[in-house]
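Take a look at the structure set out below.
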Amino acid sequence: MAFDVDSYAETSMGVTWQDLDFDSFGSQPLSQDTLRTLSYMCAVEYHTVCYLRDLLVTPSHKERDVNAFMTMWNREEYWHGEALAAVLARYGITVDYDELKAARVKLEWRDKLAPLKQSILGNIIGDDFVAVHMSWGAANEWSATAAYRRLAALEQHPALSPLLQRIGQQETRHTAFYATQARKRLEKSKMARTLTRLVLAKAWRPVGSSISEPEDLDHVMRHLFSGPDGLAEIRRIDANIAKLPGMEGLTIFETAVRPHDMRWPAPDPA
Amino acid sequence: MTRQNLSPEVVPAAGFSVREFARTAHGSHRASLDLDAYREHPLDPDTVAIVDLLARLEHGALSYLRSVLVTPTHKDARVTAFLVTWAYEKYWVADALEQVVAAHPAPQPGRGISRTKRLRLGLAERIEPITESVVANLIGDDLIATHTAAGAVDEWITQAAFEQLRDRSPHPEFVATLDRILAVKRPHAAFFAADAGDRLAASPPAVRLARRRLSRITWPLGSATEPPALVAGILDRLLPASGLALIDARVDALPGLAGLHLASTAAQKARKAAGR
Ligand SMILES: [Fe+2]
Ligand SMILES: [Fe+2]
């Protein structure tokens, strides 16, 4: 599967919602559970710029296609944040720039270490580390796709469901870019495969877990992925990861999400 | 001395609506470039070389973002929201310039800098983010003023270059493209200058840091890895002394930054590096 960055850039746009009937949020109110999940998603979307920072301290910033994608991608994610903030605003929930600043400041100690470690690691191992980032990015985007798909299914809502669908379509394009990049780099290098497998297996956590309270993460995981339908969705995205070269048999999503008291059937004996 | 320099109710560059800026962002310019005009009436090779350099400098937005995002500046969601759209607009400015260059015959090889130099510069670039990150995190919020002031100075220099190109060009399609580019870039300088101005006014340590850091930068941003003769082509030949003085006067007008002479010093250095 090829990914044409030029045509992606040409067609990249901020997600729109002005044509959707937002008054239906008054006549058909969203549940408290959904609002809490949306708040989490909104913060994660706005926070994408910090993830861009982690990517850019590695050699990947030198590559032209990667640059073009990152520029467009980051802006699309910003608009996902804006769109969800517009929904939340209908319920008097404001996600403004100052609150976001507070969330980022709170994380200071962890934040300070992250780019440093990645910069050292990234520059030493070079291109193989780019494969890790691309695979990690693919994992994040697959999980975002799954989350929006589940929420759209849980809330059959005349304004929210189409909005989530639009966001989800953009997440799918993000997935295509990351997965294509990851596959290309993993195929080329055994070191890249070993490193990526190690990092994904040991370090992958649900997107946003580093910027949110543990209770909120618990809520979101259970709200979106509990029960057999949730597990099926999780297994579906785990199967995507497992299809990447050298990642056969990995179950990073199921492993990361299971501890959240998911009311899932017991794991298959391996 | 507290770390939080601004009282909570003061928002730097409050008069600039970041949401409105994001909402009205300018994307691709391709449809309005009229590239056929260059096949009939090409720009002269020196101008094409300058346009090519300006395209690379505009593409430097992500390098700037990298340097800035490993510091506490990344925690300011208003600044980062601005930078997301700024990088997007600069991407398309660079793309427009590249399209214009591509409408001309390819330049002779051997114009660039040597492979050894590129490797050396590349290595320096690889080390820099690490040291930046350690140092910058010790310094804290005061660094944001340096970053936005640097953004302002860079925009003032490159915009002056675009203005000179426009004023000297007899080529109507090129002039129209440059006008469009300048319209996109003017708000960038406005945000950076307003943000830096408010932060510098509120913090003497931010002023000291900015004075020190800004003097050490090779202007415009990204030009350190470019051929000196090309950089001199912009700073020394394209920009008149009065243009450099105007940029320096704008820097002088930022709180505490008087007397740095960044643009005129950069032009002198570029002239020397180019061996003239
Ligand atoms: Fe998103
Ligand atoms: Fe995404």
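The values are calculated or read from the model by the stated rules, or taken from the named source; none is laboratory data. All values reported here derive from a predicted model rather than from experimental measurement. Note that we place each Cβ from the backbone using ideal geometry, even for glycine, and neighbour counts take in every protein chain shown. For the accessible areas, the whole protein counts, side chains as well, though only heavy atoms, and no ligand, DNA or RNA atoms are used. Shrake-Rupley method; radii C 1.70, N 1.55, O 1.52, S 1.80 Å.
Before moving on, here are some points about what is shown:
- Residues of the stretch A:144-165 that are within 15 Å of ligand 1 (Cβ to nearest atom) and surrounded by fewer than 17 Cβ atoms within 10 Å (Cβ to Cβ): A:GLN165 alone.
- Selected residue (only one of A:ALA182, A:ALA201 is more than 16 Å from ligand 1 (Cβ to nearest atom) and open to solvent by 20 Å² or more (accessible area, probe 1.4 Å)): A:ALA201
- Close pairs (9 angstrom Cβ cut-off, 6 or more residues apart or separate chains): touching a residue at least 60 places away in the same chain (Cβ under 8 Å) in the stretch B:249-276, aromatic (Phe, Trp, Tyr) anywhere: B:ARG250/B:TRP156; B:VAL251/B:TRP156; B:LEU262/B:TRP219; B:ALA263/B:TRP156; B:ALA263/B:TRP219; B:ALA266/B:TRP219
For (1) in contact with a Leu (Cβ under 6 Å, 6 or more places away or on another chain); (2) β-branched (Val, Ile, Thr); (3) modelled with pLDDT of 95 or more; (4) under 27 Å from A:ALA179 (Cα atoms), each residue gets a yes or a no:
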| position | (1), (2), (3), (4) |
| --- | --- |
| A:SER7 | no, no, no, yes |
| A:MET13 | no, no, no, yes |
| A:SER24 | no, no, yes, no |
| A:GLN28 | no, no, yes, no |
| A:THR34 | no, yes, yes, no |
| A:THR37 | no, yes, yes, yes |
| A:TYR46 | yes, no, no, yes |
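- Residues in the stretch A:40-50 that are in contact with a helix residue (DSSP H, G or I) (Cβ under 6 Å, 6 or more places away or on another chain) and open to solvent by 20 Å² or more (accessible area, probe 1.4 Å): A:TYR40 alone.
- Residues of the stretch A:204-241 classified as open to solvent by 30 Å² or more (accessible area, probe 1.4 Å) and among the aliphatic types (A, V, I, L, M), total: 4
- Candidates B:ALA81, B:ALA77 - the one that is facing chain A (nearest Cβ under 10 Å) and surrounded by 23 or more Cβ atoms within 10 Å (Cβ to Cβ): B:ALA77
- Contact annotation: residue pairs with Cβ atoms under 8 Å, 6 or more positions apart or on different chains, pairing a residue in the stretch A:251-262 that is in contact (Cβ under 8 Å) with a residue 40 or more places away in the chain with a partner that is assigned to a loop (DSSP other than H, G, I, E, B) and surrounded by fewer than 18 Cβ atoms within 10 Å (Cβ to Cβ), are A:ALA256/A:ARG205; A:MET262/A:SER226.
- Residue list for the stretch B:20-50, restricted to those being loosely packed, with under 14 Cβ neighbours inside 10 Å and either in a helix (DSSP H, G or I) or within 14 Å of chain A (Cβ to nearest Cβ) (or both): B:GLU20, B:ARG23, B:THR24, B:ARG30, B:ALA31, B:SER32, B:ASP36, B:ARG39, B:GLU40, B:PRO45, B:ASP46
- Listed by first and then second residue, the pairs with beta-carbon distance under 6 Å, at least 6 apart or on different chains, first residue in the stretch A:130-149 and within 14 Å of chain B (Cβ to nearest Cβ), second away from ligand 2 (no atom under 11 Å from the Cβ) and of a type in the set (A, V, I, L, M), are A:HIS133/A:LEU55.
Yes or no, residue by residue, for (1) modelled with pLDDT under 70; (2) on the phi < 0 side of the Ramachandran plot; (3) open to solvent by less than 30 Å² (accessible area, probe 1.4 Å):
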position	(1), (2), (3)
B:ARG120	yes, yes, no
B:ALA124	yes, yes, no
B:ALA152	no, yes, yes
B:ARG166	no, yes, no
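- Residues that are open to solvent by less than 10 Å² (accessible area, probe 1.4 Å) and within 11 Å of ligand 1 (Cβ to nearest atom), drawn from the stretch A:79-95: A:HIS80, A:GLY81, A:ALA83, A:LEU84
Residue by residue, here is whether (1) outside any loop (DSSP other than H, G, I, E, B); (2) under 30 Å from A:LEU20 (Cα atoms); (3) of a type in the set (Asp, Glu); (4) away from ligand 2 (no atom under 16 Å from the Cβ) holds:
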residue	(1), (2), (3), (4)
A:PRO162	yes, yes, no, yes
A:GLN165	yes, yes, no, no
A:GLN170	yes, yes, no, no
A:PHE177	yes, yes, no, no
A:LEU195	yes, no, no, yes
A:VAL207	no, yes, no, no
A:ARG235	yes, no, no, yes
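- Which numbered condition B:LEU53 fails, given (1) within 14 Å of chain A (Cβ to nearest Cβ); (2) crowded, with 21+ Cβ neighbours inside 10 Å: (1)
- Any pair with Cβ under 8 angstrom, 6 or more apart, that starts in the stretch A:55-84 at a residue that is closer than 16 Å to B:ARG19 by Cβ and of a type in the set (Lys, Arg) and ends at one that is modelled with pLDDT of 70 or more and within 14 Å of ligand 2 (Cβ to nearest atom): A:ARG75/A:SER12; A:ARG75/A:GLY14; A:ARG75/B:VAL84
- Of the helices (runs of 4 or more DSSP H) lying entirely inside the stretch A:64-127, the ones with 3 or more residues being closer than 20 Å to A:ARG36 by Cβ and at pLDDT 55 or above are found at A:64-89, A:97-106.
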